[in-house]
Structure formats: structure tokens, C-alpha cells
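S.K.: Sharing a structure with you now.
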Amino acid sequence: MNLEDSTFRILDANLNRLREGIRVIEDMLRYVFNNKNLALKLKKLRHQCKVSLKENPLLARDSQNDILKLTTQEEMQRTNLQDIMIANFKRTQESSRVLEEILKLYDLEKSQKFKNIRYELYTLEKEILIATIAK
């Protein structure tokens, strides 16, 4: 089954969003909290966020014509590092859910991989927020 260009755009956008969100949290753990263990967990998880398909989702990317590329007021409101961390956890969880759902059309094994990533993010969110709130 070939995925439509629009479906490829969804995959491409959410793979990027997922990796970017994980990277934000990873860098905070690395450079702000100096927590090597948790930063490495996120780095390993980020490296799992790949999908190999016959077609390359990147080819369907159309960033210039994305109708929602403008930043919302809500996205601009961050008062501290914890706000940034929470926002990026939510971003990654949402993206992994989208990937899980869209990949059900194509490959159930790949879909399950992103479901597992999503649940790992739920676990890491709790672990990381508890570890960093005390600082």
C-alpha cells in the first residue's frame, strides 16, 4: 500500500516534532540539570524515532505552505524551564500518538513502536519532572 502525499506530510511533520521535543528536554537535562542518566535515556529514545518506508516522507514536506506554521500566543507563554519541559513532553506524546494512528494504515508493527515510545514518554515525564522539581 502506498501512502498518499498528505499522509506523508503528517508522518514527516510528526517525526520532526517528536524528535525536536525530545531534544529540547534532553538538552535541558544535559546542560541545566547535568543529569547524564536521564539525558541518555532521552537520547536513546530520540534515536528510535525513525520510520523506514519505501517512500520517503521528506519528499512530501511543504513547510512554506503549512497553514498553521504561525506561532500561537499560548506557544509564546513560558515562565520557567518546567513550563518548557512540560510543553515539550506534551508535544512529544501527541506526536507519537499521531504516528501510531497514521502508521496503522501502513504497518501495525511500526504503529506499535510509536505506541511504546508514547508510553515510555509518559514514564519519563513523571521521572524527570520529579527529579527536576526538587532542583
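S.K.: I want to confirm something. Restricting to the stretch 66-101 and keeping residues that are at pLDDT below 65 and of a type outside the set (A, V, I, L, M), which single residue is most open to solvent (accessible area, probe 1.4 Å)? Reasoning before the result, please.
M.R.: Let us first name the residues in the stretch 66-101 that are at pLDDT below 65, namely 67-73, 75-76.
Now narrow it down to the ones that are of a type outside the set (A, V, I, L, M): 69, 71-73, 75.
Numbers: 69: 110, 71: 87, 72: 70, 73: 139, 75: 95 Å².
Restricting to residues being at pLDDT below 65 and of a type outside the set (A, V, I, L, M), the top hit is 73.
S.K.: Right, next: Sort through 19, 46, 30, 23 and tell me the only one that's in contact with an Asp or Glu (Cβ under 8 Å, 6 or more places away or on another chain), at pLDDT 85 or above and of a type in the set (Lys, Arg). Quick ask: steps written out before the conclusion?
M.R.: Values: 19 fails: in contact with an Asp or Glu (Cβ under 8 Å, 6 or more places away or on another chain); 30 fails: in contact with an Asp or Glu (Cβ under 8 Å, 6 or more places away or on another chain); 23 fails: in contact with an Asp or Glu (Cβ under 8 Å, 6 or more places away or on another chain).
One residue alone meets the criteria, 46.
S.K.: What number of residues within the stretch 1-46 satisfy the criterion of being assigned to a helix (DSSP H, G or I), under 18 Å from residue 103 (Cα atoms) and aliphatic (A, V, I, L, M)?
M.R.: Here the count works out to 5.
S.K.: Are any residues in the stretch 6-41 under 11 Å from the mean Cα position of the chain (by Cα) and either surrounded by fewer than 19 Cβ atoms within 10 Å (Cβ to Cβ) or not polar (S, T, N, Q) (or both), and if so, which ones? Write out each step before concluding.
M.R.: Pass one, the stretch 6-41, residues under 11 Å from the mean Cα position of the chain (by Cα): 13-25.
Of everything in the stretch 6-41, those that are under 11 Å from the mean Cα position of the chain (by Cα) and either surrounded by fewer than 19 Cβ atoms within 10 Å (Cβ to Cβ) or not polar (S, T, N, Q) (or both) turn out to be 13, 15, 16, 17, 18, 19, 20, 21, 22, 23, 24, 25.
S.K.: Filter the stretch 117-135 for residues that are over 13 Å from the mean Cα position of the chain (by Cα) and free of Cβ contacts under 8 Å to residues at least 40 places away in the same chain and give the result.
M.R.: Once the filter is applied, which keeps residues that are over 13 Å from the mean Cα position of the chain (by Cα) and free of Cβ contacts under 8 Å to residues at least 40 places away in the same chain, the stretch 117-135 yields 123, 126, 130, 134.
The values are calculated or read from the model by the stated rules, or taken from the named source; none is laboratory data. A quick note: this is a predicted structure, and the numbers were derived from the prediction, not measured. Cβ coordinates were reconstructed from backbone atoms using ideal geometry, including for glycine residues, and neighbour counts include every protein chain displayed. For the accessible areas, the whole protein counts, side chains as well, though only heavy atoms, and no ligand, DNA or RNA atoms are used. Shrake-Rupley method; radii C 1.70, N 1.55, O 1.52, S 1.80 Å.
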